[in-house]
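Structure record follows, encoded as structure tokens.
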Amino acid sequence: MTRRAMQVVRVHCPVSAIVLARLQAGEAAALADDPVLAGVVDVIRGSDVLGAVGPYRGVFELGFGLESFVPGAGAAPVAGRTGQAEVVATVVVKSYAAAGAEIGAELAAIVAAHPWEVPVVEVGVVELVAR
């Protein structure tokens, strides 16, 4: 068994309740029916760096949930109103890249495809266990 450091990227994508339900039911075709989610997945599938784990490419996983926020003064939210709590359906797309790999172009493409005023795109370091 070996361990290797990898970059992890998590992108929080807003989706409709219908797309969320379809994905939760295992309907993979729903990935293409949301433009933001499809755009993020296309970036990963089109990259030789992001989504590269060993001999595999286009690696990602989806997490389903809800996110809540309260837009402050001066915010331009896609959903919700200033000063009022909002809850939206989200899919978190998680993928990996080799430690130290340059993923700036992929991150820029993801941010460009994202509708939120402040896209939630997390980048961190994890260790993956391999045989």
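The values are calculated or read from the model by the stated rules, or taken from the named source; none is laboratory data. What you see is a predicted model, and the numbers here were worked out from it, not measured in a lab. Positions of Cβ are generated from backbone atoms using ideal geometry, with glycine treated the same way; all protein chains shown enter the neighbour counts. Ligands, DNA and RNA are excluded from the accessible area calculation, which covers all protein heavy atoms including side chains. Shrake-Rupley method; radii C 1.70, N 1.55, O 1.52, S 1.80 Å.
Loop only per DSSP, at most 14 neighbouring Cβ atoms within 10 Å: give me the trypsin sites (Lys or Arg not before Pro) in segment 50-114, ordered by residue number.
Numbers: sites: 57, 81, 94; in loops: 57, 81.
Of the trypsin sites (Lys or Arg not before Pro), the ones in loops of segment 50-114 whose Cβ has at most 14 other Cβ atoms within 10 Å are 81.
I'd like the FRET efficiency for residue 123 and residue 85, computed as 1/(1 + (r/R0)^6) with the beta carbon distance as r and R0 of 25 Å, rounded to 0.05.
0.35
For segment 108-131 and segment 1-74, what is the separation of their C-alpha centers, rounded to whole Å?
With segment 108-131 and segment 1-74 each reduced to a Cα centre, they are spaced 9 Å.
Kirkwood Rh over Cα pairs of the chain into Stokes-Einstein at 10 °C, 1.306 mPa s: D in µm²/s?
This corresponds to a translational diffusion coefficient of 101 µm²/s.
Measuring from label point to label point, each 7 Å out along Cα→Cβ, what is the residue 68 to residue 112 span in nm?
Calculated label separation equals 3.6 nm.
Does segment 89-131 come out rounded, prolate or oblate by the C-alpha gyration tensor, with a ≥ b ≥ c the root eigenvalues, rounded set by a/c under 1.5 and, if not, prolate when a/b is larger than b/c and oblate if not?
Verdict is oblate for segment 89-131.
Over segment 36-131, with every protein chain in place, what whole percent of the accessible area is carbon and sulfur at 1.4 Å, could you tell me?
Answer for segment 36-131 is 56 percent, counting heavy atoms of protein chains only.
Work out how much length residue 33 to residue 101 would gain on full extension: take 0.36 nm times their residue separation and subtract the Cα-Cα distance, in nm to one decimal.
Numbers: separation 68, 0.36 × 68 = 24.48 nm, distance 3.04 nm.
That works out to 21.4 nm of additional length.
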